[in-house]
Amino acid sequence: MTIDSSNSDRDSVCGRRHACSDDNIIIQQDRTELAETAASMILAASIISIAQRGVFTIALAGGSTPGPVYERLTTLAEIDWPRWRIFWSDERCVSPAHADSNYQMARESLLDRLPQAPGTVSRLRGELPPQEAARVYEQAIRKTVAAPDSNFPRFDLILLGMGDDGHTASLFPGSPALNNTKDLVVADFVSKLTANRLTFTYPLINAARHVLILVSGSSKADALVSALNGPHRPNELPVQGVKPVDGQLRWLVDADAAQSLSQ
Ligand code: 6PG
């Protein structure tokens, strides 16, 4: 299945086994199918990007949903890992060995299992003072990811998840980071977590060619139906602020998360 799902691809996913509430929302039966489809879509995006530009720039999502996706990627022999430029769309302010680290999750489920090293792996350094970590990461992004037609580097693909409160990356409800229109990466104290986080901003996310939001589990059902069918209120539901300016947004959700969507 390609990331730019042609109708036949989309119908093959949506028509045969799964309802799709519209072109941008693909509903999968369970986490296993979500992982398989997500990995296929990421592979497809990487093939197109490498053919067109010689590299594939991707920002990985954190949390628990992407783990099986990353494991699935390690089984795809067609992937040209040396052409991949890997980043993270957010990170916790912890060391890379910490159990909460998004880097640690990706190292275990992806990086340590690869047959070849990726071209570059640019870790968001959660162990640094948060403001410094954000500045250092901005420099790393600007060095590697081209900004063809704006001040904002254009990732080929940014992976995101969604929390049951509608947060995405580490853009949480009510956060000042939601109103940041100039930076690429910001540090943010998340009061509900009483913890600092590092996150891509909306301008960087929305500059991407492709954004793929992965949502799994019944605990996300209310937030998902509000985000997709409810009033536009990104301050309360930050995932609603994900609107690629000149790119494609796809939601890949499992049936548990989609249980409240009308089909
Ligand atoms: C993080 C993520 C966050 C995550 C959602 C969903 O650092 O936690 O970036 O935005 O994607 O909280 O998390 P789950 O996949 O664990 O449900």
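The values are calculated or read from the model by the stated rules, or taken from the named source; none is laboratory data. Note that the structure is predicted; figures quoted are calculated from it, not measured. Cβ placement follows ideal geometry from the backbone for every residue including glycine, while neighbour counts extend to all protein chains displayed.
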Query raised in the report: Out of S191, S175, which single residue is surrounded by fewer than 24 Cβ atoms within 10 Å (Cβ to Cβ), farther than 17 Å from I141 by Cβ and touching a helix residue (DSSP H, G or I) at 6+ places or on another chain (Cβ under 8 Å)?
Result: S175
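Yes/no matrix, rows are residues, columns are (1) under 17 Å from the mean Cα position of the chain (by Cα); (2) on the phi > 0 side of the Ramachandran plot:
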{"site": "S191", "(1), (2)": "no, no"}
{"site": "T194", "(1), (2)": "no, yes"}
{"site": "R197", "(1), (2)": "yes, no"}
{"site": "A207", "(1), (2)": "yes, no"}
{"site": "V211", "(1), (2)": "yes, no"}
{"site": "L214", "(1), (2)": "yes, no"}
{"site": "P234", "(1), (2)": "no, no"}
Requested in this report: Spot the failing condition for A45; the list is (1) assigned to a loop (DSSP other than H, G, I, E, B); (2) in contact with a Lys or Arg (Cβ under 9 Å, 6 or more places away or on another chain); (3) away from the ligand (no atom under 16 Å from the Cβ), and only one is missed.
Outcome: (1)
Query raised in the report: Could you give every pair whose Cβ atoms fall below 7 Å, whose first residue belongs to the range 97-113 and is under 17 Å from I58 (Cα atoms), and whose second residue is at pLDDT below 95, counting only separations of at least 6 or pairs across chains?
Result: none
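Only residues that are part of a loop (DSSP other than H, G, I, E, B) and within 18 Å of E132 (Cβ to Cβ): list them for the range 99-111, please.
Filtering the range 99-111 for residues part of a loop (DSSP other than H, G, I, E, B) gives 99-101, 110.
Matches in the range 99-111: S101 only.
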Query raised in the report: Can you name the residue in the range 164-207 that is within 15 Å of the ligand (Cβ to nearest atom) and of a type in the set (G, A, S) and, of all such residues, is nearest to A134 (Cα to Cα)?
Result: A187
Requested in this report: Taking R197 as meeting all but one of (1) of a type outside the set (A, V, I, L, M); (2) assigned to a loop (DSSP other than H, G, I, E, B); (3) surrounded by 18 or more Cβ atoms within 10 Å (Cβ to Cβ), write down the number of the exception.
Outcome: (2)
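Could you list, in sequence order, all residues of the range 49-102 that are more than 8 Å from the ligand (Cβ to nearest atom) and either of a type in the set (D, E, K, R) or modelled with pLDDT under 95 (or both)? Walk me through it before giving the result.
Within the range 49-102, the subset more than 8 Å from the ligand (Cβ to nearest atom) is 49-60, 67-88, 93-101.
Hits for the range 49-102 are R53, E71, R72, E78, D80, R83, R85, D100.
Quick check on this structure: which one of A97, A117, A106 is more than 21 Å from I42 (Cα to Cα) and among the small types (G, A, S)? Full working, then the answer.
On the way: A117 fails: more than 21 Å from I42 (Cα to Cα); A106 fails: more than 21 Å from I42 (Cα to Cα).
Sole residue among the options that is more than 21 Å from I42 (Cα to Cα) and among the small types (G, A, S): A97.
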Report summary line: Pairs returned, first residue in the range 225-244 that is assigned to a loop (DSSP other than H, G, I, E, B), second residue that is small (G, A, S) and crowded, with 21+ Cβ neighbours inside 10 Å, beta-carbon separation under 8 angstrom, 6 or more apart or interchain, are E236/G166; L237/G166; L237/A223; L237/A227; P244/A207; P244/A208
Query raised in the report: Somewhere in the range 113-121, is a residue at pLDDT 95 or above, buried (at least 20 other Cβ atoms within 10 Å of the Cβ) and assigned to a loop (DSSP other than H, G, I, E, B)?
Result: no
Query raised in the report: Would you say Q259 is under 13 Å from the mean Cα position of the chain (by Cα), more than 15 Å from the ligand (Cβ to nearest atom) and farther than 26 Å from S101 by Cβ?
Result: no
